[in-house]
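To start, the structure under review is shown below, and the notes come after it.
A short reminder: the numbers here are calculations on the coordinates, not readings from a lab. None of these values were measured; they are calculated from a predicted model. Don't worry about glycine lacking a Cβ; one is built from the backbone with ideal geometry, like all the others, and counts go over all protein chains shown.
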Amino acid sequence: MISVSFLKSKYDRITTLNMIDESDADLIHVDLMDGIYVKEKNFEINDIINNLTDLFLRLDIHLMVYDPLKYIKELLKLNVYMITVHLDGTPNIDEVISYVHSKGVKIGIAINPDEDVNIIDKYLDKIDYVLIMSVYPGKGGQTFIKEVLNKIPYLKDKHVLIGIDGGINDEVIALIKPYNLDIVVSGSFICMSDNYNEQIRKLN
Ligand code: DX5
Ligand code: ZN
């Protein structure tokens, strides 16, 4: 599946969201940053809830925040496919996992480029998804860190969906293809263009 991030776009947030929603994307990747877990802040919870209501595509929410449970309750009123958190920003991970599951939504853990893939070991039988970060959280349009691909084989027989996020374009995708991942997140490669379907087609 292709999940499109609108963090860096040629157009304003509403226009971009509508363009993604009408495209051949499979999911909308919602990057939320609180100014604490990462220094950038890009949302007010009520604004983002309003922006994300009434979309056709399901949401793949990536919480680059400290204490995600503060936001999860509101966010789960939306059409959410999956919520992904960072372990080092989530003091109450067990509570987060059971709360998200109680709403019938998938839960994922993201692994930063400098984090070991083993950090998820304790949670592997409780989560649905592992998101390998191929850039450091905080900004769209960064360069893909190819060394993170070495983390994928470890996850392959673990019965979790596997995704990758950051710096993905039509060149990098050739490096990723052999791993046959479930979800590829791509942002600026798609949203800095005028023809989203053409970019999505190149990735597919
Ligand atoms: C990084 C975000 C990514 C990123 C993807 O902080 O989690 O989702 O915005 O955008 P591109 O594809 O531009 O790296
Ligand atoms: Zn993301």
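Side notes on the structure shown:
- Scanning region 124-151 for residues that are near ligand 2 (Cβ under 10 Å from one of its atoms) and of a type in the set (A, V, I, L, M), we see that the one that is farthest from the chain's Cα centre (by Cα) is VAL135.
- Single unsatisfied condition, ILE97 versus (1) surrounded by 19 or more Cβ atoms within 10 Å (Cβ to Cβ); (2) farther than 23 Å from LEU55 by Cα; (3) out of contact with any Lys or Arg (no Cβ under 9 Å at 6 or more places or on another chain): (3)
- Taking the conditions (1) in a loop (DSSP other than H, G, I, E, B); (2) within 16 Å of ligand 2 (Cβ to nearest atom); (3) within 30 Å of LYS10 (Cα to Cα) in turn, GLU115 satisfies each one other than (3).
- Tabulated pairs, region 16-38, first surrounded by fewer than 19 Cβ atoms within 10 Å (Cβ to Cβ), second among the hydrophobic types (A, V, I, L, M, F, W, C), C-beta under 6 angstrom, 6+ apart or interchain: ASP21/LEU55; ASP21/PHE56; ASP21/LEU57; ASP24/ILE200; ASP26/MET1; ASP26/ILE2
- Inspection of region 119-137 finds a residue satisfying the criterion of being outside any strand (DSSP E or B), under 23 Å from ASP26 (Cα atoms), in contact with a Pro (Cβ under 8 Å, 6 or more places away or on another chain) and of a type in the set (Gly, Ala, Ser).
- For region 161-183, the candidate set comprises residues that are surrounded by fewer than 20 Cβ atoms within 10 Å (Cβ to Cβ) and touching a residue at least 40 places away in the same chain (Cβ under 8 Å); within that set, the residue that is nearest to TYR123 (Cα to Cα) is LEU161.
- Where strands (runs of 3 or more DSSP E) fall wholly inside region 1-86, the ranges with 3 or more residues that are away from ligand 1 (no atom under 12 Å from the Cβ) are 80-86.
- A residue that is surrounded by fewer than 17 Cβ atoms within 10 Å (Cβ to Cβ), acidic (Asp, Glu), out of contact with any strand residue (DSSP E or B) (no Cβ under 7 Å at 6 or more places or on another chain) and free of Cβ contacts under 8 Å to residues at least 12 places away in the same chain occurs nowhere in region 146-153.
- Residue check for VAL130: within 16 Å of ligand 1 (Cβ to nearest atom) and either surrounded by 18 or more Cβ atoms within 10 Å (Cβ to Cβ) or more than 25 Å from LYS8 (Cα to Cα) (or both): yes
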